[in-house]
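One structure is given below, encoded as structure tokens.
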Amino acid sequence: MKYEFRRTLVSAVLLTLAWGLNSGAMARDTEPAKGKKPTPAVVNATKKPALPPVVAPRALPRQSASAEARLLEIYRLVGHAQTDMALAKAEALVRDVPNFQLAQLVYGDLLMARTQALPTMGNAPASLAGRAQERLAQLRLEANRRLTALRERPPEGALPAQFIALPPTTRHAIAVDASRSRLYLFENGPHGLKLVADHYASIGKLGPEKSFEGDQRTPLGVYYITSRLNPSQLTDFYGAGALPLNYPNEYDRRLGRTGSGIWLHGVPSDSYARSPESTDGCVALANPELQSILDQVQPRTTPVVIARSLQWVPPTKVEPQRRSLQNMIEGWRVARASGDIGRVMSFYSPQFSAGNKDFTRWRQAVERDVSQSRGKAIELKDLAILGWRDKSDILVVTFGEVAEGQRTGSVKRQYWGKEGGLWKIFYEGVIG
């Protein structure tokens, strides 16, 4: 962005802070037309498009990784009328991270404020304001989402209600709050989940609640990271890399939802961040922030909850539910090991479906399995329970099933739903 453009095209960011004004405008970036995302082998063969001439960001990982924190510090200084210090920090931020457009416009505001009052939001010559009106609205919305995340922090020690039980082998968990454009990263330690980082994130152009292929919405639900894609496997559009999710999951399929290629991914190298609602359905983060997640999380075992709005609860509130559900799943395990087919099938829904197996075919498969393992105990290892509620109550249950005398076994995932007030399994299958 040219210097004169920065000076004259003034954003409303600082005025938003001072006057408490919000913009309801929808922010959208231009995304290259594409159908299904190519597999890594195909993407490798894709020639990267030429990028427009931009000032390349300096290789300063520490500064880039804390760019949002630095921007928020500028907001704090302005709020305390320390504008000289705010200007110095804004100048340093745009020097270190020149592709952070919101920071560039904050810097422009501070420069203009030294020469004249800013009577209106977006106080620019008509010839420029008309062309940049939509972009200004996008940046106002981004500023508002970032400031909201600063002002309204999750309660200390609270967790999203969807995280019911996670084993020690699940090292991390992720939750996305679509209403706040925020991704939260949790680390699982000796004392359970702990919030260790949160980042600004962009979602689909038309918001959350994906239903069908190409609707430009981000799905809501409980998902798992399936793999990790490195920049060498992708075009520049996806930035630092990508973490594909298992959308559509079995609950999505049950509801007839379609689509594919929902990823957590980065942004092109000429951008620091995207507008809050600007993707085709993926969740996009700034490259330094995505890289920190890529470096930590493990595919297959890391759950990702995407909610319209997260409900934060203290762990003690979830404890009774956790014990009740663990006892229920233990009841299924005991029935499975007993060899009593009727007792086993009482845990399954008449609407059960897994691949080409309906309830009747599943019963036949269970009878064969039980006859082969009759009298042998079954151990469930690394039990994970995640909950979801929209059109109905859902449980996503993952565990390793190890038969007596065996050292290893298969990893299974079950989907449970409420029917007549009782939990029933409507899908079960081996994963991985």
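Quick one: of 381/418; 194/376; 317/391; 205/412; 317/376; 89/194, which pairs are farther than 29 Å apart, Cα to Cα? Display every interim value, and only then the final one.
Details: 381/418 24 Å; 194/376 38 Å; 317/391 23 Å; 205/412 35 Å; 317/376 36 Å; 89/194 31 Å.
Violating the 29 Å Cα-Cα cut-off are 194/376; 205/412; 317/376; 89/194.
Using the Karplus curve 6.51 cos²θ - 1.76 cosθ + 1.60 with θ = phi - 60°, work out ³J(HN,Hα) for each residue of the range 388-394 in order, rounded to whole Hz, and write x for Gly and Pro.
8, 9, 9, 6, 7, 7, 10
Hey, can you grab everything whose amide H is under 5 Å from the amide H of residue 224? Only 5+ residues off in sequence or another chain; H modelled, so Pro and N-termini drop out.
Amide H neighbours of residue 224: 246, 304.
7 Å from Cα along Cα→Cβ at both residue 321 and residue 422: what's the point-to-point distance in nm?
2.2
Using the count of nearby Cβ atoms within 10 Å as a rough guide to exposure, how do 222, 430 rank from fewest to most? Don't skip to the end; give the middle numbers.
Details: 222 21, 430 11.
The order, fewest Cβ neighbours first, is 430, 222.
Expressed as a whole number of Å, what is the distance separating the alpha-carbon centroids of the range 301-372 and the range 203-232?
Result: 26 Å between the Cα centres.
Which ordering of 225, 203 is given by a fewest-first count of other beta-carbon atoms within 10 Å? Walk me through the numbers on the way to the answer.
Working: 225 23, 203 28.
Placing the least packed residue first, the sequence is 225, 203.
Quick note: the coordinates plus some simple rules give every number you see, no bench work behind them. In this text, all values refer to a predicted model and were calculated from it rather than measured experimentally. Every residue, glycine as well, gets a Cβ built from its backbone with ideal geometry; the counts of neighbours run over all protein chains shown.
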